[in-house]
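The values are calculated or read from the model by the stated rules, or taken from the named source; none is laboratory data. From a predicted model like this one, the values you see are computed outputs, not experimental measurements. FYI the Cβ positions are ideal-geometry reconstructions off the backbone, even for glycines, and counts take in every protein chain you see. SASA here: full protein model, heavy atoms, side chains in, ligands and nucleic acids out. Shrake-Rupley method; radii C 1.70, N 1.55, O 1.52, S 1.80 Å.
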Amino acid sequence: MSKIEEVAQAVENGKSKLVPGLVQEALDEGDAPIDILNKGMIDAMSIVGEKFKRNEIFVPEMLVAAKAMKKGVEVLKPHLGSGNDTKIGKMAMGTVFGDLHDIGKNLVIMMIESTGYEVIDLGIDVPVEKFMEAADDPEVTVIGVSALLTTTMPAMQEIVAALNKHPRRSEFKIMVGGAPITEAFAQEIGADIYTADAASAGQAAKALAAK
Ligand code: B1M
């Protein structure tokens, strides 16, 4: 079994104590950090999601897998992105109210930070008011909104509708994403940018700053 497969298996089984060491071993053996992330961790979480859907595992197992992935990401973090120290913009980002998923949001933040943005993490279960307050900051040029559940897509719509009425609306862009979100939905609710994953979110934010 390859080291990346070992990482994947440990994440899938929620082995928080094992994952950091295995990620480090994979790095030491020369595996690319992005492969460890995609094939070792994100793919493992998809398997966890599928098992949950088939009622083979339940919420506690999803939770321990999420914990294990977070431990692995901590080891991977310094190896991902460009490590740009020059500040190119300021962004605020959070997961919509009613939604507790934060792994994807944290990865998006990590990739956007690596392009040189300062990112204010608004956290999970974020109400409309908190997004609006974040938009008051005169330095904020991008607001990121993440949702992982089909049932919290209306919350995203509500947040974007409120942000679209913000007095500073012409000064910031609204970026949305998350597993159930599509380009069509993003357009329908009046967001400016949809990106499917953390790497493209980073690229989109960088392109915005260059304009
Ligand atoms: Co949840 N959960 N969960 N869960 N969970 C999903 C999302 C689900 C698809 C599993 C399934 O059924 N197959 C399903 C949603 C079904 C649906 O809506 N159609 C689901 C469900 C049903 C639930 C509960 C309702 C279960 C229950 O209680 N009965 C419950 C809801 C709680 C709540 O939020 N109110 C729940 C709870 C949980 C845990 C708390 C146990 C845990 C989350 C822990 C945490 O995040 N700290 C959890 C987990 C771990 C998952 C799965 C297994 C993994 C999610 C994940 O971290 N993926 C997930 C199944 C799956 O995704 N396949 C599932 C890895 C992560 C890197 O990917 O988050 O998609 P992702 O992020 C990507 C992109 O989406 C994108 O970039 C990221 C990186 O590339 N992206 C953006 C995300 N945000 C973006 C923002 C952007 C741009 C791109 O711009 C701003």
**Request:** Given the conditions (1) open to solvent by 20 Å² or more (accessible area, probe 1.4 Å); (2) closer than 26 Å to Lys77 by Cα; (3) part of a loop (DSSP other than H, G, I, E, B); (4) not hydroxyl-bearing (Ser, Thr, Tyr), report the number of the one that Pro167 does not fulfil.
**Result:** (2)
**Prompt:** Which of the following residues is under 14 Å from Ala147 (Cα atoms), open to solvent by less than 80 Å² (accessible area, probe 1.4 Å) and of a type outside the set (A, V, I, L, M): Gly89, Gly94, Gly72?
**Reply:** Gly94
**Fill in**
Across (1) modelled with pLDDT of 95 or more; (2) more than 8 Å from the ligand (Cβ to nearest atom); (3) open to solvent by 20 Å² or more (accessible area, probe 1.4 Å), Glu113 clears everything bar (1)
**Message:** Take the conditions modelled with pLDDT of 95 or more, open to solvent by 80 Å² or more (accessible area, probe 1.4 Å), out of contact with any helix residue (DSSP H, G or I) (no Cβ under 7 Å at 6 or more places or on another chain) and outside any helix (DSSP H, G or I) and apply them to Glu118. Does it pass?
**Reply:** no
**Message:** Every residue in the range 74-107 that is more than 9 Å from the ligand (Cβ to nearest atom), part of a helix (DSSP H, G or I) and touching a residue at least 12 places away in the same chain (Cβ under 8 Å), please.
**Reply:** Glu74, Val75, Leu76, Lys77, His79
**Request:** Determine whether the range 142-155 contains at least one residue that is touching a residue at least 40 places away in the same chain (Cβ under 8 Å), more than 19 Å from Gly98 (Cβ to Cβ) and either part of a loop (DSSP other than H, G, I, E, B) or within 14 Å of the ligand (Cβ to nearest atom) (or both).
**Result:** yes
**Asked** Among Ala179, Ala209, Ala196, Ala205, which is without any contact (Cβ under 8 Å) to a residue 24 or more places away in the chain, under 28 Å from Pro33 (Cα atoms) and among the hydrophobic types (A, V, I, L, M, F, W, C)?
**Response** Ala196
**Request:** Starting from the range 35-60, take each residue that is more than 19 Å from His79 (Cβ to Cβ) and open to solvent by less than 80 Å² (accessible area, probe 1.4 Å) and list its partners that are among the small types (Gly, Ala, Ser) and more than 9 Å from the ligand (Cβ to nearest atom), counting only C-beta distances under 9 angstrom and pairs at least six apart or across chains.
**Result:** Ile47/Ala8; Val48/Gly14
**Asked** Taking the range 20-40 on its own, how many of its residues are among the aliphatic types (A, V, I, L, M), part of a helix (DSSP H, G or I) and closer than 20 Å to Gly104 by Cα?
**Response** 4
